[in-house]
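Notes to accompany the following structure.
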Amino acid sequence: MIVVMKAHSNNEEIQHVLKFLQNHGLSGHLSQGVERTVIGVLGQTSNAGLPSGIGGITPGLEDSLEGLPGVDNVLRVSKPYKLASREFHPENTTVEVPAACVDGGSVTIGGKDVVMMAGPCTVETETQLMTAAEAVRKAGAVILRGGAFKPSTSPYGFRGLGEKGLQLLAKARDEFGMAVITEVMTPSDVAMVCEYADILQIGTRNMQNYMLLDEIGRTNKPVVLKRGMSATIEEWLLAAEYVLSQGNKNVILCERGIRTFEKATRNTMDISAIPVAKTLSHLPIISDPSQGTGHRHLVGPMTLASIAAGTDALLIEVHPNPDEALKDGAQSLTIQQFNELMPQAQAVAHAIGRDFITR
Ligand code: PEP
Ligand code: MN
């Protein structure tokens, strides 16, 4: 349920509504848009114990809310997620990430322009990371990716360098001024990874790790939430809702391919999820064509398709020597391939009236 305030409602009236909700065991989440202030109502209702978005709130309460000073009307949100929904927040949300290499010292994700995040799947050695970082920065990427804690399907696969990998990422940030995105796998590592990372990544295998979502929700860090490989868009937005409902508003969705019956690709890149998510939600959405396809020759075409479909950023794996990569070599671009892809990506962005933020 959403309480829509009148255009000229004052702070006292807003606080009164929040207090009213609190007195009824509910919590109100404020969204102050340019046009209007809305309050998302969260909590269990007395109605069959269902969350208010699903079961609806007790009718008496709804009427009382509508009668409070400054309240314009009360709307039911038709979706089970609320804070993530466009009904709650009609304008696009933008997420600011500090990046010294960008004019003004920060990069906006979800705004008019497109952003490139690139780097190795996994931090392997200092030389590997620095070489990749220097090359992708030169080509126009402003955010450096690299896993230090790697989820691995097999327990015998490389699991990453851990904190040592984070230190190398921080070193690359100092050297090239790029922001750093890296995965955090467990709630107990969140505080430590926050010390090094500018963006936390929640991997596909952890999209429904609710303890992790809660913990990250209690921070203020920008977070890229990968779609679970078998998750519906609704489940993905409900996972985003976990983070948002804890107070962290800096959520970025990431389409990274889903499981289908098709075997020609590692995953099926669901390009349609980009405009679907944009319609249902106000959150920025980015696209990972590397995990999305599993094959480097498909990364370029899916990058261009994602931009055409409205992605706000790309997350692309680039390795100085993919044949020797410890992880995901087959889907990692060479530096040369990445250099060739960037101008094509820029051309597609221009065709739909967007630019790339490269500095
Ligand atoms: C990755 O980005 O390298 C990764 C492991 O992603 P995902 O969680 O989407 O598989
Ligand atoms: Mn990978």
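The values are calculated or read from the model by the stated rules, or taken from the named source; none is laboratory data. On a predicted model such as this, the values are computed, not experimentally measured, just so you know. Cβ placement follows ideal geometry from the backbone for every residue including glycine, while neighbour counts extend to all protein chains displayed. Note: accessible area is taken over every heavy atom of the protein model, side chains too, but ligands, DNA and RNA are not part of it. Shrake-Rupley method; radii C 1.70, N 1.55, O 1.52, S 1.80 Å.
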* To do: Give, in whole angstrom and from largest to smallest, the semi-axes √(5λ) of the equivalent ellipsoid of the range 125-192, with λ running over the eigenvalues of the Cα gyration tensor.
  => 22, 14, 10
* Listed highest first by mean packing, meaning other Cβ atoms within 10 Å per residue, what order do 210-216, 337-343 come in? -> 210-216, 337-343
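Where Lys and Arg each count +1 and Asp and Glu each count -1, what net charge lies around residue 29 among other residues with Cβ under 10 Å from its Cβ?
Spelling it out: positives minus negatives among the neighbours equals +2.
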* To do: Read phi for every residue in the range 261-270 and hand back ³J(HN,Hα) as whole Hz from Karplus 6.51 cos²θ - 1.76 cosθ + 1.60, θ = phi - 60°, with x for Gly and Pro.
  => 6, 6, 10, 5, 10, 5, 9, 9, 6, 8
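Ignoring ligands, DNA and RNA, what accessible area per residue does the chain give at 1.4 Å, in Å²?
Details: 14690 Å² over 359 residues.
On a per-residue basis, 41 Å².
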* Structure fact -> In a Gaussian network model of the chain with springs linking alpha carbons closer than 10 Å, the residue among 74, 180, 41 that fluctuates most is 74
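Can you give me the orientation-averaged projected area of the convex hull built on the Cα atoms of the chain, in nm²? Don't skip to the end; give the middle numbers.
On the way: hull surface 73.7 nm².
If you wrap the Cα atoms of the chain in a convex hull and average its projections, you get 18.4 nm².
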* Top of 15, 346, 246 by mean-square fluctuation, Gaussian network on the chain, Cα under 10 Å -> 15
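Relative contact order (percent) for the chain, with alpha-carbon contacts under 8 angstrom and 6 or more residues of separation?
On the way: 795 pairs, mean separation 57.3, N = 359.
Once divided by the residue count of the chain, the mean separation gives 16 percent.
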* Structure fact -> Here the equivalent ellipsoid of the range 213-346, derived from its Cα gyration tensor, has semi-axes (largest first, whole Å) of 26, 16, 15
* Given charges of +1 on the Cβ of Lys and Arg and -1 on the Cβ of Asp and Glu, with all other atoms neutral, how large is the dipole of the chain about its Cα centre, in debye to the nearest 20? -> 440 debye
* Asked: Using the Karplus equation 6.51 cos²θ - 1.76 cosθ + 1.60 (θ = phi - 60°), what ³J(HN,Hα) coupling, rounded to whole Hz, does each residue of the range 31-36 give in order, writing x for Gly and Pro?
  -> 10, 9, x, 5, 7, 7
* Within the set of other residues whose C-beta is less than 15 Å from the C-beta of residue 177, count the net charge using Lys and Arg as +1 and Asp and Glu as -1. => 0
* To do: Would you work out what percent of the accessible area of the chain, with all protein chains in place, is carbon or sulfur (probe 1.4 Å)?
  => 52 percent
* To do: Would you list which aspartates and glutamates come within 16 Å of residue 221, measuring only between C-alpha atoms, while excluding same-chain residues fewer than 8 positions from it?
  => 96, 183, 189, 195, 198, 241
* Which residue, 218, 137, 145, tops the fluctuation ranking in a GNM of the chain built on C-alpha contacts under 10 Å? -> 218
* Structure fact -> Partner lysines whose C-alpha sits under 18 Å from that of residue 112, ignoring same-chain residues fewer than 8 away, are 278
